[in-house]
Amino acid sequence: MPNVYLHPTSSLQLDSLAADLPQALLFTGPEGVGLTSVVTYLSAQLHVHVSTVLPEKDEKVDLEKGVITVDVIRRLYGMTKTIETGTRIIVIDYVERMGVQAQNAFLKLLEEPGLNTHFILLTHNSSKLLPTIRSRVQTVEVKPITAQQSAGLLDELRVTDATKRAQLLFIASGLPAALSQLAGDDDVFEKRAQIIRDARSYLQGTMYDRLKVALAYKDDRPRALTLLQDAMKLLQSSMTSLAGKKQGAEVVHKIEALLKVHERIEANGNIRLQLASVMV
């Protein structure tokens, strides 16, 4: 099994779950924390292969635009009714892409599971699941790994350049899946680093610079949300160098303003107008 990076607390939780596997689990955590790696670790402990359900579009797996439909759940229902003598684990990834009808259909599976069948749901946004589903699964919050583990992972990935290490740790410290992807793909890393540069410009640039950033992100909600998250992280990191309470209070006020913009954009607010509304 490849080396799986888990926070010590999460590792202990998984060992306990492997000893007495619940009928249904929900793993959640921040993006990049490595939910699929958690499944890899758990299945290795149990010596069981897993079946994975992924979002689809036009009957093909599509992780960007796909959804988990009622038809997908019907196929899953048929799978669970086949005879299985050993432990069967079915993983549903991106479970937040399951619409209300599909969730109601899946609820019947949770209420009448097949023999020896266990479900593992993976999502970074469990709030999109029906309360009736959340009440029938055991939720496990997967914790980000420690700073020491993050540094060790970068050593394993052979990232030796001090500047790049610092950038990677700023972007994704504690998030092993994100660190691995960014360290292994220069194009992905450069695109992610550009968002940080834009966030700094949004915070420190001229009014023209800030409006330019708002215009550049107006058609991409996920990137706009990441931009705001990076801007808040930059402000938080600046607080350690501030000497006076007044400066600290000003930074807190700016972070609160950005957080409100983040919430409005997440709730489908107009991206350009919201970014332009807070020229901090």
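Can you give me the number of residues within segment 111-130 that are surrounded by 19 or more Cβ atoms within 10 Å (Cβ to Cβ) and in contact with an Asp or Glu (Cβ under 6 Å, 6 or more places away or on another chain)? Result for segment 111-130: 2.
When we screen V61, V67, V72, V50 for residues that are of a type outside the set (D, E, K, R) and either under 17 Å from S126 (Cα atoms) or not assigned by TED's automatic domain parsing to the domain that holds S127 (or both), the only hit is V67.
Taken over segment 22-81, the criterion of being without any contact (Cβ under 8 Å) to a residue 60 or more places away in the chain and among the aromatic types (F, W, Y) is satisfied by Y41, Y77.
Each row is one residue, and each column tells you yes or no for (1) polar (S, T, N, Q); (2) modelled with pLDDT under 85.
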| site | (1), (2) |
| --- | --- |
| S238 | yes, yes |
| S241 | yes, yes |
| K246 | no, yes |
| K254 | no, no |
| L259 | no, no |
| A267 | no, no |
| R272 | no, no |
| L275 | no, no |
| M279 | no, yes |
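The residue pairs whose first member lies in segment 85-99 and is within 17 Å of L63 (Cβ to Cβ), whose second member is in a loop (DSSP other than H, G, I, E, B), and whose beta carbons are closer than 6 Å, counting only pairs six or more residues apart or on different chains, are D93/L54; Y94/P55; E96/N125; R97/P55.
In the set (1) touching a Pro at 6+ places or on another chain (Cβ under 8 Å); (2) closer than 26 Å to E31 by Cβ; (3) surrounded by 13 or more Cβ atoms within 10 Å (Cβ to Cβ), the condition left unmet by V91 is number (1).
Of the residues making up segment 44-51, one or more are of a type in the set (S, T, Y), at pLDDT 90 or above and over 20 Å from A177 (Cα atoms). Return the total of residues in segment 160-174 being of a type in the set (S, T, Y) and touching a residue at least 24 places away in the same chain (Cβ under 8 Å). Going through segment 160-174 one residue at a time, the tally reaches 1.
When L25, L6 are checked against the criterion of being surrounded by 12 or more Cβ atoms within 10 Å (Cβ to Cβ) and in a loop (DSSP other than H, G, I, E, B), L6 stands alone in meeting it. Cβ separations smaller than 6 Å between residues 6+ apart or across chains give the following pairs from segment 213-236 residues that are within 28 Å of G248 (Cβ to Cβ) to residues that are not in a helix (DSSP H, G or I): A224/Y217; L227/Y217. Within segment 151-163, restricting attention to residues that are touching a helix residue (DSSP H, G or I) at 6+ places or on another chain (Cβ under 8 Å) and assigned to a helix (DSSP H, G or I), the residue that is surrounded by the most Cβ atoms within 10 Å (Cβ to Cβ) is L153.
Restricting segment 115-141 to residues that are charged (D, E, K, R) and not in a helix (DSSP H, G or I), the residue that is nearest to I90 (Cα to Cα) is R136.
The values are calculated or read from the model by the stated rules, or taken from the named source; none is laboratory data. Computed from a prediction, not measured in an experiment: that's the story for all the values here. Please note: Cβ atoms are built from the backbone with ideal geometry, for glycine as well, and neighbour counts cover all protein chains shown.
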